[in-house]
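Report on one structure; see the data block that follows.
The values are calculated or read from the model by the stated rules, or taken from the named source; none is laboratory data. Computed from a predicted structure; not experimentally measured. Here the Cβ positions follow ideal geometry from the backbone for every residue, glycine too, while neighbour counts run over all protein chains shown.
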Amino acid sequence: MNNIILIKYGELTLKKGNIKYFIDCLYKNINHKLKGLTVNIIKDNRRMFVEYQAKDQTTIIDILKHIAGIYSFVICYKVASDLEKIKTEALNLVSKEKFNTFKVETKRSDKTFKYNSNEISRMVGSYILKNIANIKVDVHHPELLLNIEVRKDYTYLYTNEIKGLGGYPVGIQGKGMLMLSGGIDSPVAGFLALKKGIKLECIYFESIPHTSIEARNKVINLIKKMTKFTNEINLHIIPFTKMQETIYQHVDPKYMITIMRRMMYRITELLAKKNNCLVIVNGESIGQVASQTLSSMAVINEVTNMPIIRPLSCMDKIDIIDIAKKIATYDISILPFQDCCTVFVPKHPVTNPKLEKAILMEKTFNYEDLIKECLDNVITIKITDIEQDNLHNLL
């Protein structure tokens, strides 16, 4: 296999003492995603190399674009660390491109090599100028940038860099419990958490018959899209009907959403701890709905001491939608199947709730038993990055 992709770590290189742990995690994630393909993955503290068969190139490029922890990657060419061979291969490589201006940039990690970086760039650049007509060097804004990396065993040459997701390898930060509603926001929040290295489990509250099996399947399909960025996600389905109906019967309509969200947080915290999650993740964005004003969030948040990550808290809706379209969750999220957050919604929910009032209303019914009942009857489904065409038939 002479076909090679060079992977650049980006931010991971700043981790110093922990870099081996980060790179090992990234290696494991890449190895899993490329399972079934004929590849050879080589790693060190500066770069990772994937040797592959030419027929798999398009597939591998698409997979690598969706793996967190990769800053960028390039299709590169390996030659012996010999100046004449480097010059010959460099000319062959750039001859395949269309350009008027170019620049050669060299990194010499092998300090025993006879020439330094500037000398290599100058000699290779001169060789290209002599052999290709009507081109010139532009060191500031070149149309084509030829990169040369001189290493101990071989030298690598490449031109077009492909941007990766960046961030950290999924799993490096531990686990988080994502509150997944089926709307536009929570899958985007989940994606951003995955990008920062948080392995996700998901909790979904359903109120059948007020919500439908189609709404559940919608959430499953959203998670299938999210597994493109990770290996597997456990979905925990909470039967929330009795709790929601009890809230409807006992609570001032203006406070129904506040009390419902407080119950959801209590349940999520208990389930998160049971599944060794360190944080709760959700798609709340400040001021977007009544339960997401700062005063509402403070009253709702009061029921838990677990850290809550809100990746979208300061984002505009249009920016959230843009990410949802890029990660292919938007078209699923807008399907017209109600979730439990959109049923029993009062006309005028309180936007500035008082904690004392919320506590008094909760004393009008036995929510502890209802929470226990929810957790005793949770349904858990493991959704992997492998196609599961028969998944819906199991529900």
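General remarks:
- Positions within the range 93-106 being surrounded by 15 or more Cβ atoms within 10 Å (Cβ to Cβ) and assigned to a loop (DSSP other than H, G, I, E, B), in sequence order: Phe99
- Neighbours by Cβ (under 9 Å, 6+ apart or cross-chain): first from the range 9-28, surrounded by fewer than 16 Cβ atoms within 10 Å (Cβ to Cβ); second at pLDDT below 85: Thr13/Asn45; Thr13/Arg46; Ile19/Leu12; Ile19/Thr13; Ile19/Asn45; Lys20/Asn45; Tyr21/Lys15
- Search result, residues across the range 173-205 that are of a type in the set (D, E, K, R) and not in a helix (DSSP H, G or I): Lys175, Lys196, Lys199, Glu201
Here's the yes/no breakdown for (1) touching a Lys or Arg at 6+ places or on another chain (Cβ under 9 Å); (2) not in a strand (DSSP E or B):
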site	(1), (2)
Ile120	yes, yes
Val124	yes, yes
Asn134	no, yes
His140	yes, yes
Leu146	yes, no
Glu149	yes, no
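- At least 3 residues being under 30 Å from Lys65 (Cα atoms), among the basic types (Lys, Arg) and out of contact with any His (no Cβ under 6 Å at 6 or more places or on another chain) is the threshold, and among the helices (runs of 4 or more DSSP H) wholly inside the range 276-371 those reaching it are 317-326.
- Flag for Glu119 being surrounded by 13 or more Cβ atoms within 10 Å (Cβ to Cβ), touching a Leu at 6+ places or on another chain (Cβ under 9 Å) and either in the same structural domain as Leu192 (by TED's automatic domain parsing) or acidic (Asp, Glu) (or both): no
Yes/no per residue for (1) touching a Pro at 6+ places or on another chain (Cβ under 8 Å); (2) touching a residue at least 40 places away in the same chain (Cβ under 8 Å); (3) closer than 30 Å to Cys76 by Cβ; (4) aliphatic (A, V, I, L, M):
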{"site": "Asn118", "(1), (2), (3), (4)": "no, no, yes, no"}
{"site": "Lys130", "(1), (2), (3), (4)": "no, no, yes, no"}
{"site": "Glu143", "(1), (2), (3), (4)": "no, yes, yes, no"}
{"site": "Asn160", "(1), (2), (3), (4)": "no, yes, yes, no"}
{"site": "Gly190", "(1), (2), (3), (4)": "no, yes, no, no"}
{"site": "Ser212", "(1), (2), (3), (4)": "no, yes, no, no"}
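- Subset of the range 170-183 that is at pLDDT 95 or above and buried (at least 23 other Cβ atoms within 10 Å of the Cβ) - its residue that is nearest to Ser212 (Cα to Cα): Leu180
- Checklist (1) of a type in the set (A, V, I, L, M); (2) part of a loop (DSSP other than H, G, I, E, B); (3) modelled with pLDDT of 95 or more applied to Ile128, failing item: (2)
- Residues of the range 56-73 that turn out to be surrounded by fewer than 21 Cβ atoms within 10 Å (Cβ to Cβ) and touching a Cys at 6+ places or on another chain (Cβ under 9 Å), as a count: 0
- Residue match in the range 220-232 (condition: touching a residue at least 24 places away in the same chain (Cβ under 8 Å), under 15 Å from Cys202 (Cβ atoms) and surrounded by fewer than 17 Cβ atoms within 10 Å (Cβ to Cβ)): yes
- Close pairs from the range 49-75: first aromatic (Phe, Trp, Tyr), partner part of a helix (DSSP H, G or I), Cβ under 6 Å, at least 6 apart: Tyr52/Ile60; Tyr71/Gly10; Phe73/Leu64
- The lone criterion from (1) touching a helix residue (DSSP H, G or I) at 6+ places or on another chain (Cβ under 6 Å); (2) within 22 Å of Glu149 (Cα to Cα); (3) not in a helix (DSSP H, G or I) left unmet by Ala90 is number (3).
- Against the list (1) surrounded by fewer than 17 Cβ atoms within 10 Å (Cβ to Cβ); (2) assigned by TED's automatic domain parsing to the domain that holds Tyr21; (3) acidic (Asp, Glu), the condition Glu245 fails is (2).
- Scanning the range 201-211 for any residue that is closer than 28 Å to Glu11 by Cβ and buried (at least 17 other Cβ atoms within 10 Å of the Cβ) turns up at least one such residue.
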